[in-house]
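The values are calculated or read from the model by the stated rules, or taken from the named source; none is laboratory data. All figures in this text were calculated on a predicted structure; none of them were measured in a lab. No Cβ is skipped: glycine too gets one built from the backbone with ideal geometry, and neighbour counts run over all protein chains shown. Areas reflect the complete protein model, heavy atoms only, side chains present, ligands, DNA and RNA absent. Shrake-Rupley method; radii C 1.70, N 1.55, O 1.52, S 1.80 Å.
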Amino acid sequence: LCLPALPALFKEELRDEEAKEGEAVTLHCELTKPAPVEWRKGHTALKPSEKYKMRQKDVTAELVIHSLTQSDA
């Protein structure tokens, strides 16, 4: 008997965060099991850069957005 593995689900979903223009903000999510996380804004996948820093350890993923602008909302 071969059963497919259960997918990773959000244990703790993203919460709205408030920050001022020019500041940085950190978004967190927690999964039910370790799995790769892809951060997106709309249909666009975000890539690590000076603006976006991504970290992941076990079931916790984090996105830091630096130098916030109105378009980051």
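One residue alone among 48, 7 is of a type outside the set (Asp, Glu), on the phi < 0 side of the Ramachandran plot and loosely packed, with under 10 Cβ neighbours inside 10 Å, and that residue is 7.
Criterion applied to 18, 13, 62, 38 was being of a type in the set (Asp, Glu), open to solvent by 80 Å² or more (accessible area, probe 1.4 Å) and touching a residue at least 12 places away in the same chain (Cβ under 8 Å), and the one residue passing it is 13. Taken over segment 1-54, residues that are at pLDDT below 85 and within 10 Å of the chain's Cα centre (by Cα) amount to 2.
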